[in-house]
Amino acid sequence: MVISVNLLEGKKVATSLDETMTKRVQVLKEKGVTPGLAVILVGDNSASAVYVRNKKRRAEKLGIDFQLIHFDTTVTEKELLSKINELNNDPAIDGFIVQLPVPDHIDEDKVIEAISPAKDVDGFTPISVGNLWIGTPLTKPATASGILMMLDYYNVDLDGKNVVIVGRSNIVGKPTAALMLNRNATVTITHSHTKNLKEITSKADVLVVAIGQAKFIKKDYVKDQAIVIDVGMDRDENGKLCGDVDFDDVKDHVSMITPVPGGVGPMTITALVDQVIELAEGRANG
Ligand code: NAP
């Protein structure tokens, strides 16, 4: 008997949600409001350039006004902060992002703190993080939010579920924990100092892995019939894109799993554009 694995197909979900989002943008435009997203990019980091290009493509596809502000690496901290201040006060921009990393001569914390929490579509400012943990987020970090949107699409109810998150980064692990806690899951966050990792992960109903280590999670880390969310974007020994979970090893053992690529990745930009549209809806409704 061939058992086919139940995939959580972020790519499909993203395409399906695009339809609704395009309609929401049309409704806004009829009210005279065009959602506006800006990205500040400093320097010519090739990975950052790809991320920005993907955001631009997706935003424009949905009818969102996209502005790229591209500075040379020689930009001063003062110039960057001044641009952030300008965007904070620009009524046509609903949300913006400073694409990280920034060059070493610029204080990243200062840059993040300068972003108005009302327009912080990355959800990285200390005020945004505080609101998220209080349970009243204005904005949510896109990867974490995208994971939740995908689980909602597949009607996965997190209430009372035992969730284990491997990785405690500010951009993925921690905000995913906060959002899932807000959905009444029982959440455990693990990291590189965690003792007996396997013992903890193998009790998870929902296992979220965001560590940046190719195929690290094998079958013996995963509870039978668990739901596995693989955030990792790594390269295997042959240079092929893969996740933090050894997909082939665990796939017959789980109830649902995200593929890499085509799982969490496409949902990240979906969550970002959804958030920009939501902020624009707030603007339209005064
Ligand atoms: P990060 O900032 O490097 O954090 C990695 C986390 O994993 C840290 O908390 C670290 O623990 C923990 N860790 C590392 N090795 C571990 C191990 N062997 N056992 C347990 N914990 C371990 O990474 P990140 O930015 O969260 O990204 C993680 C992965 O997700 C990367 O592959 C990245 O490319 C991918 N990613 C994908 C998307 C997407 O849209 N699909 C978005 C963001 C990131 P310590 O804190 O103790 O060091």
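Rule-based calculations on the coordinates, nothing more; no lab input. On a predicted model such as this, the values are computed, not experimentally measured, just so you know. Cβ placement follows ideal geometry from the backbone for every residue including glycine, while neighbour counts extend to all protein chains displayed.
Descriptive notes on the structure:
- By the count of neighbouring beta-carbon atoms within 10 Å, fewest first, Met21, Met256 end up ordered Met256, Met21.
- Cα centroid of the range 232-275 to Cα centroid of the range 110-168, whole Å: 19
- Cα-based helix-to-principal-axis angle, 77-88 vs the chain, degrees rounded to 10: 90
- The angle separating the long axis of helix 173-182 from the principal Cα axis of greatest extent in the chain is about 80 degrees.
- Calculated on the Cα set of the range 65-203, radius of gyration then Dmax: 17.6, 51 Å.
- Helix 10-30 and the long axis of the chain differ in direction by around 30°, with both axes built from C-alpha atoms.
- Neighbourhood charge, 9 Å Cβ-Cβ cut-off, centred on Glu278 and excluding it, Lys, Arg +1 and Asp, Glu -1: -2
- Cα lying deepest toward the dipole's positive end in the chain, options Gln225, His70, Ala142, charges on Cβ: Gln225
- Each semi-axis of the equivalent ellipsoid for the range 169-223 is √(5λ) with λ an eigenvalue of the Cα gyration tensor; in descending order they amount to 18, 14, 10 Å.
- Footprinting exposure proxy for Thr258, Thr186, Thr201, Thr136 (fewest neighbouring C-beta atoms within 10 Å first): Thr136, Thr186, Thr201, Thr258
- For the chain, average projected area of the Cα convex hull in nm²: 16.0
- Counting only DSSP H runs of at least 4 residues, each contributing -39500 (n - 2.57), and dividing by the residue count of the chain, the helix-based mean residue ellipticity at 222 nm comes to -12500 deg cm²/dmol.
- For the range 93-208, averaging the sequence separation of C-alpha pairs within contact (under 8 Å, six or more residues apart) and dividing by the residue count gives a relative contact order of 21 percent.
- Against the rule of thumb 2.2 N^0.38 Å, how large the Cα Rg of the range 31-116 comes out: 1.09
- Taking the fewest neighbouring Cβ atoms within 10 Å as the starting point, the ordered list for Ile84, Ile106 is Ile106, Ile84.
- All distinct Cα pairs of the range 142-265 go into the 1/r average, and the inverse of that average, the Kirkwood radius, is 14.1 Å.
- Net charge over other residues, Cβ less than 15 angstrom from the Cβ of Thr125 (K, R count +1; D, E count -1): -2
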